[in-house]
Amino acid sequence: MSGVPQELPWELPAEFDDVPVVLTAHPFQRVGAFALATLAEAESLEELSWTELVTGPWAEITQPLLEAAELSDAKEPGGFWLATSYMLWPNSKMNTTNRKRLSVQERREATARWRSLPAPQDWPGVPCALCSRSACGFYGKVDVPLAPSTEYRNTTVPGHAGLALCVGCLASFYALPWGCLVHRGRLSLIHSWDDEFLRRTVATQVVATRRQSWSLPSGGWEREQLLLDRVRGYSRPVHSDVSLMVFTNSNKEQEFAEYRMRQPLTAWLKRTQASGSRGKGLRALERSLTTKKVSGRAALARVLLHQPDRVPRLITNLILAGAEAHTPARVPGNAQTLHELLSSYRREVLRMSDQQVREIEDLGARIAEIIQNHPKPLNGFVSAYRRGSRTLRKWVEEATVTWLTWEREPKVVEPLAAPRLLRALFEYSDEAWLNRYTLFSATMAELQRRGFAPGSEDTERVQEAIEQDLPNDDDDDEER
């Protein structure tokens, strides 16, 4: 009893067309559906016929499970699918608790019955819960990961086994693991509502699963790196959010976690890597995140997926570190590229208005002009920023006096910064932090554009400031 059909074993009901698998709103089903198309070497689901589904993908995803019947333990060589079945289909016919007492033939026949195509005369006469076509049966935890088990469900009538699914949706759930990464006791999949992106992403994963040769990135956070690589490697813009779903359906523990990269972030990432200057800034940021245990690539993937709000702070801190790497402080050589990276992130990801960015950048240009032409050392500005909002505000207030008393033609009549902008910079809020990041990076970028370098007198003033070594007067520096 092979259990692998070579042709369609029954005639389809008249209501069915020649498209056995359609996309639904269930992420697992969508990943499985595209896995079926890849296994059938079809460019789209519309090209997959019923006969091709049965003789191609259904056969291919069933055969390894039948072969697993020859193994007594999942730890034996070639035990990948048996081990995976415990995470996906616990208590199924291929991994029963008494399987060691069964012969290979008994195990194989039980698995074949479990994975056999239900005949239309046995269908329950209800619509599929996902696509509304005729369901071929009811299915629960044994077939659908994370579906409720009939043993623990008391909300349905006796004999009701679970979720009503048609043949196409059932096949999609069976094909799900082919589109997943199996790693460290969990299955991971990348999902998006951008169908073309999902199709290509699943196709790449199916190839690796088919060969059972996963080339995992090194340096930690492997799942996050894979998602970042898929977004970066996609040749088009991604038109929807991209999610990383990590789960297990094991009897020992059921777990599901979803981490989402929002569409504005994926679009920013694509534009950034296509931009020469912004791309350099992103690569510099990636290098700066490298530690002995975690690669910069892994750390960047983790930040973008789990803590995207940290990106502006990390970029600004990189500029700050470059400035403070010298005594006196100097403008780092990548200040302009990093500011462009930060400015684009604020506009495109955080949706800060162009007007507000321009106002802060204009203030940064005025501060740069003061630093270049008046006895206000760059080191003082850098130190004031590092010490926190109160010290920086005091520095800006002193700079305002310098700005208004500047004897030049034409005479300066407008203040250094409007009161509204000062409130946006120094009133306590997360937005104020972001505005100060932008101000600091804009000032350093403008100084680099001007070719500014501290002179000998500036160095002497810096040495005096260092000798004073005033303590930090702010309690918000931990935000850095």
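Just to confirm the number: angle between the C-alpha axis of helix 296-306 and the first principal axis of the chain, 0 to 90 degrees, nearest 10?
Roughly 80 degrees, rounded to the nearest 10.
In terms of the Cα gyration tensor, with a ≥ b ≥ c the square roots of its eigenvalues, is segment 61-142 rounded because a/c is under 1.5, prolate because a/b exceeds b/c, or oblate? Don't skip to the answer; put the middle values down first.
On the way: a/c = 2.67, a/b = 2.09, b/c = 1.28.
It is prolate, given that a/c is not under 1.5 and a/b is the larger ratio.
Taking only the alpha-carbon positions of the chain and ignoring solvent, what does the Debye formula give for the base-10 log of I(q)/I(0) at q = 0.10, 0.11, 0.14 Å⁻¹?
Scattering profile of the chain, log10 relative to I(0): -0.81, -0.89, -1.24.
Which of the three applies to segment 279-434, rounded, prolate or oblate, going by the alpha-carbon gyration tensor with a ≥ b ≥ c and a/c under 1.5 meaning rounded?
Numbers: a/c = 2.22, a/b = 1.66, b/c = 1.34.
Prolate, since a/c reaches 1.5 and a/b exceeds b/c.
Given the options Ala42, Gln29, Gly56, identify the residue whose Cα lies farthest towards the positive end of the charge dipole of segment 13-60 (+1 on Cβ of Lys, Arg; -1 on Cβ of Asp, Glu).
The listed residue farthest towards the positive side: Gln29.
Based solely on C-alpha atoms, express the radius of gyration and the Dmax of segment 354-413 in angstrom.
Using the Cα atoms of segment 354-413, the pair Rg, Dmax is 12.1, 35 Å.
Rounded to the nearest 500, what is the 222 nm mean residue ellipticity of the chain from helices alone, with -39500 (n - 2.57) per DSSP H run of 4+ residues and division by all residues? Each step should come with its number before you reach the end.
Values: 19 runs with 240 residues, N = 480.
Computed ellipticity for the chain at 222 nm equals -15500 deg cm²/dmol.
Any idea how far the Cα center of segment 39-82 sits from the one of segment 91-145, in Å?
A separation of 15 Å, based on Cα centres.
Provide Rg and Dmax in Å for segment 1-137, with only Cα atoms included in the calculation.
Just the Cα atoms of segment 1-137 yield Rg and Dmax of 16.1, 46 Å.
With the contact rule set at Cα under 8 Å and sequence spacing of 6 or more, what percent relative contact order holds for segment 183-339?
Working: 181 pairs, mean separation 34.6, N = 157.
Relative CO of segment 183-339 lands at 22 percent.
Any idea what angle helix 104-114 forms with the longest principal axis of the chain, computed on alpha-carbon atoms, 0 to 90 degrees, nearest 10?
70 degrees
Holding the Cα-Cα limit at 31 Å, pick out from Lys100/Lys252; Lys270/Lys292; Lys100/Lys141; Lys293/Lys394; Lys75/Lys270 the pairs that are longer than that. Working shown, then result.
Working: Lys100/Lys252 20 Å; Lys270/Lys292 28 Å; Lys100/Lys141 23 Å; Lys293/Lys394 40 Å; Lys75/Lys270 42 Å.
Exceeds cut-off: Lys293/Lys394; Lys75/Lys270.
Accessible area, 1.4 Å probe, largest first: how do Tyr86, Tyr139 sort?
Details: Tyr86 90, Tyr139 30 Å².
Accessible-area ranking of Tyr86, Tyr139, largest first: Tyr86, Tyr139.
Let me know the charge dipole size of segment 11-73 about its Cα centre in debye, to the nearest 20, where only the beta-carbon of Lys, Arg (+1) and Asp, Glu (-1) is charged. Could the numbers behind the result be given before it?
Details: 1 positive and 13 negative charges, 57 e Å.
So the dipole magnitude of segment 11-73 works out to roughly 280 debye.
Give the residue list of GluC sites (Glu not before Pro) in segment 360-407 that are DSSP loop and have at most 16 other beta-carbon atoms within 10 angstrom.
Working: sites: Glu361, Glu369, Glu397, Glu398, Glu407; in loops: Glu407.
Those satisfying the criteria are Glu407.
Using the heavy atoms of the protein chains alone and a 1.4 angstrom probe, what is the accessible area of the chain per residue in square angstrom? The partial results should precede the final answer.
Details: 22480 Å² over 480 residues.
Ligands and nucleic acids excluded, the figure is 47 Å² per residue.
Can you list the trypsin sites (Lys or Arg not before Pro) in segment 288-395 that are in a DSSP coil and have 14 or fewer other beta carbons within 10 angstrom? If you can, show how the numbers build up before the last one.
On the way: sites: Lys292, Lys293, Arg297, Arg302, Arg310, Arg313, Arg330, Arg346, Arg347, Arg351, Arg358, Arg366, Arg386, Arg387, Arg390, Arg393, Lys394; in loops: Lys292, Lys293, Arg330, Arg351.
In loop regions of segment 288-395 (DSSP not H, G, I, E or B), the sparsely surrounded trypsin sites (Lys or Arg not before Pro) are Lys292, Lys293, Arg351.
For the chain, take the longest principal axis of its alpha carbons; what is the angle in degrees between that and the long axis of helix 263-274, to the nearest 10 within 0 to 90?
The helix 263-274 is inclined about 70 degrees to the chain.
Using a probe of 1.4 angstrom, how much of the accessible area of the chain is carbon and sulfur, in percent?
Values: 10810 of 22480 Å².
Of all accessible area on the chain, carbon and sulfur atoms account for 48 percent.
Can you tell me how segment 137-275 classifies by the Cα gyration tensor, rounded, prolate or oblate, using a/c under 1.5 as the rounded cut? Provide the component values of the computation, followed by the final result.
Details: a/c = 2.22, a/b = 1.93, b/c = 1.15.
Here segment 137-275 falls in the prolate category.
Please list Glu409, Glu427 in order of solvent-accessible area, largest first, computed with a 1.4 Å probe with all protein chains present. Show your work: numbers first, answer last.
Working: Glu409 165, Glu427 100 Å².
So the residues, ranked largest to smallest area, are Glu409, Glu427.
In nm, to one decimal, how far is the Asp18 label point from the Trp114 one, both placed 7 Å along Cα→Cβ?
3.5 nm
With no solvent and one point on each alpha carbon, what is the Debye value of log10 I(q)/I(0) for segment 209-364 at q = 0.12, 0.15 Å⁻¹?
Each listed q maps to, in turn, -0.60, -0.88.
Segment 165-273: which GluC sites (Glu not before Pro) are DSSP loop and have at most 13 other beta-carbon atoms within 10 angstrom?
Numbers: sites: Glu196, Glu222, Glu224, Glu253, Glu255, Glu258; in loops: Glu253.
Of the GluC sites (Glu not before Pro), the ones in loops of segment 165-273 whose Cβ has at most 13 other Cβ atoms within 10 Å are Glu253.
The values are calculated or read from the model by the stated rules, or taken from the named source; none is laboratory data. This is a predicted model, so every value here is computed, not measured. Because the Cβ atoms are built from the backbone with ideal geometry, glycine has one as well, and the counts that use them run over all protein chains shown. Remember, those area values only see protein heavy atoms, side chains included, never the ligands or the DNA or RNA. Shrake-Rupley method; radii C 1.70, N 1.55, O 1.52, S 1.80 Å.
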